[in-house]
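What follows is one structure encoded as structure tokens, with my remarks underneath.
Every number here is computed from the coordinates shown, using simple stated rules; none is lab data. None of these values were measured; they are calculated from a predicted model. Because the Cβ atoms are built from the backbone with ideal geometry, glycine has one as well, and the counts that use them run over all protein chains shown.
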Amino acid sequence: MMKCLIIFCWLCLTFDINAQVNNFKIKDDKRSEKIKFELFNNLIIIPVKVNDVELKFLLDSGVDKTVLFSFEQIDSLALKNTKSIRVKGISGVESIEAYKSSNNRIKIKNIYNNQSDIYVIFDQENYLSGSIGTVINGVIGYDLLKDFVIRFDYELKRLKFYTPSKFQRPLVFYKERSLSFINNKPHLKAEISDGEMGRHKDRFLIDTGSGDAVWVYQKDSIDLPKAKFEDNLGFGFQGVITGYRSTADRFQIADFTFDNVNIAIPNFDNAITQRRIGAIGGEILKRFKFFLSYPDKKIFLKNNSFFKDEFIYDKSGLLLRYGGLSIVEKQIPVKVSIQKSSSESYGSINKDNTYKTIYEIKKMITIAGIRKDSPASKVDLQVDDLITQLQGKNINRYDLKEVRELLSSEKGKQIEMQINRNGVSKKVKFKLEDRMY
């Protein structure tokens, strides 16, 4: 990992987090701009330049500030007009030390803003990048999205940003719905119904920063399903987010209906969640091509080829974390083949035990959590174990997405895994179990 140099100018102590009004524009006042994105675990990753330094950001409609939290693969970055603040995490309980930096230049292809506010939160444990499976330096949402009409295309992995005053495309084949905004975050009315939970039509946050299908918040008005199990739902800035997983009989957005949809129920209940019933994440959103218009407070939906895909979840009980790459130095003997005469065969010699040095790149995927009563909990696996082989193949053959897809495949599938714990290797086997049904 490269050493990172962060330059903070004009550092002082403050708790004022009011941001100046600033806007993104398309260069030369053009009508539109296309942006290719990477898709990891249903999450959208876009290339972003901050003060001319190339970074990767998560596009998250569930955040209203631009946040920089990881400095992997950055040599140096100058942040302007910086002051210390404190902000609350997703639980809304503990505050986190952070910095606010103003008048920064952010550029996304030909989309730019020269007066951007950036909030810096040091994710020392690298929770967010580790959970996604690729280097993520920050997250951007409302600051960018508010200035455009945006087309989301998960099939082509492409975004298209339109200047609102020049957007005149008729969307006759799309279902139009109104949005409401709470703390600058878009909410859509949807309906969830279940024999145990009852029927609820209410506001759901449109959350491109969640890879799950639907989050349902714990409220007195909602009876949680009995057929649920405890699980690690993911990561926040302060560590693992715990809760429950279950299914709901039906989930409906506009005229689109999903049966037996997976739901996650996080273990927090506070003022942050009181004005909505839950959140719609990437596992649902990826099933649509849609236009999101912040200026008009509208969303336009059309189902795509992913619409009928099966809802999946991890059936192993493992919460995995990507720790990046390590470089291992190895020495191997130099083999020299000689032939003393034309009538003799070649022989191999190694004078003076000559060796050459080679370097291997190893992928670091570790166990960050193990679900109670899961298949993984019944074998000798522990948190912080390093996975070295999966199904008899070196872990370098997989990315984190492929590992998760394997662990989310059909019940009964046998998983063979080799791990390294404190320098000692061991193999384990277990079969996937389906606890949703």
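Couple of notes before you dig in:
- Approximating the spin labels as points 7 Å out from Cα along Cα→Cβ, the PHE306-to-ASP399 distance works out to 1.4 nm.
- Of the peptides 219-230, 240-251, 275-286, the ranking by mean beta-carbon count within 10 Å, highest at the top, reads 275-286, 240-251, 219-230.
- FRET E, pair PHE122, GLU38, Förster distance 22 Å, beta-carbon r, rounded to 0.05: 0.35
- The modelled label-to-label distance for the pair LYS201/PHE229, using points 7 Å beyond Cα in the direction of Cβ, is 3.5 nm.
- Over segment 164-320, Cα pairs under 8 Å with separation of 6+ residues give a relative contact order of 28 percent.
- Using the empirical formula 2.2 N^0.38 Å as the baseline, the Cα radius of gyration of segment 139-205 reaches a ratio of 1.41.
- Whole-Hz couplings from phi, Karplus 6.51/-1.76/1.60, listed for segment 153-167; x for Gly and Pro: 10, 6, 5, 8, 6, 9, 10, 10, 9, 10, 5, x, 5, 10, 8
- Backbone N within segment 132-168 under 15 Å of label point (7 Å from LYS25 Cα along the Cβ vector): 147-148, 163-166
- Spin-label model distance (nm) - VAL53 vs ARG250, 7 Å beyond Cα toward Cβ: 5.2 nm
- Members of LYS393/LYS431; LYS160/LYS297; LYS56/LYS289; LYS80/LYS297; LYS83/LYS160 lying beyond 25 Å, as alpha-carbon distances in this model show: LYS80/LYS297; LYS83/LYS160
- Subset of LYS100/LYS157; LYS109/LYS175; LYS30/LYS65 violating a 27 Å alpha-carbon distance limit: LYS100/LYS157; LYS109/LYS175
- Remark on ALA213: its backbone amide H falls under 5 Å from those of GLU283, a criterion applied only to residues 5 or more positions apart or on other chains, H modelled at 1.01 Å from N.
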